[in-house]
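Participant: Please see the structure below; I have some questions.
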Amino acid sequence: MYEYKAIKVGLSKVGTIAPKEDYHRIIDEYASRGWRLVQLFAPPVGVYGVATYIEIILEREEKP
């Protein structure tokens, strides 16, 4: 059995669209605790045709 975690990372719209946090660091941090990256997910776009956040989807085996 697996457990899943979704981490929301906001996107900045000042100048260019960029993550407000270093998502590489987040993935590395969770990987060191046994989580595996499944997907980076961008939801349906916002008002101006641009996503407002991404979600990092992680999984790991549940501990007995």
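Participant: Are any of the residues in the stretch 47-55 outside any loop (DSSP other than H, G, I, E, B), open to solvent by less than 80 Å² (accessible area, probe 1.4 Å), free of Cβ contacts under 8 Å to residues at least 60 places away in the same chain and not acidic (Asp, Glu)? If you could, list the steps in order and put the result at the bottom.
Facilitator: Narrowing the stretch 47-55 to residues outside any loop (DSSP other than H, G, I, E, B): 53-55.
Now drop any that are not open to solvent by less than 80 Å² (accessible area, probe 1.4 Å), which leaves 53-55.
Narrowing further to those that are free of Cβ contacts under 8 Å to residues at least 60 places away in the same chain: 53-55.
Narrowing the set further to residues that are not acidic (Asp, Glu) leaves 53-54.
Yes, the stretch 47-55 contains a residue that is outside any loop (DSSP other than H, G, I, E, B), open to solvent by less than 80 Å² (accessible area, probe 1.4 Å), free of Cβ contacts under 8 Å to residues at least 60 places away in the same chain and not acidic (Asp, Glu).
Participant: So for the stretch 22-41 (the condition being at pLDDT below 85 and either open to solvent by 80 Å² or more (accessible area, probe 1.4 Å) or in contact with a Cys (Cβ under 9 Å, 6 or more places away or on another chain) (or both)), does at least one residue qualify?
Facilitator: Checked against the condition, which is being at pLDDT below 85 and either open to solvent by 80 Å² or more (accessible area, probe 1.4 Å) or in contact with a Cys (Cβ under 9 Å, 6 or more places away or on another chain) (or both), the stretch 22-41 yields no hits at all.
Participant: Moving on to the next point. Looking at the stretch 1-21 only, could you name the residues that are under 29 Å from GLU61 (Cα atoms), open to solvent by less than 80 Å² (accessible area, probe 1.4 Å) and at pLDDT below 95?
Facilitator: Selection gives VAL9, GLY10, PRO19.
The values are calculated or read from the model by the stated rules, or taken from the named source; none is laboratory data. Because the structure is predicted, anything quoted here is derived from the model rather than measured. Cβ sites come from the backbone with ideal geometry, for glycine too, and all protein chains shown count toward neighbours. Surface accessibility is based on the protein's heavy atoms, side chains included, excluding ligands, DNA and RNA. Shrake-Rupley method; radii C 1.70, N 1.55, O 1.52, S 1.80 Å.
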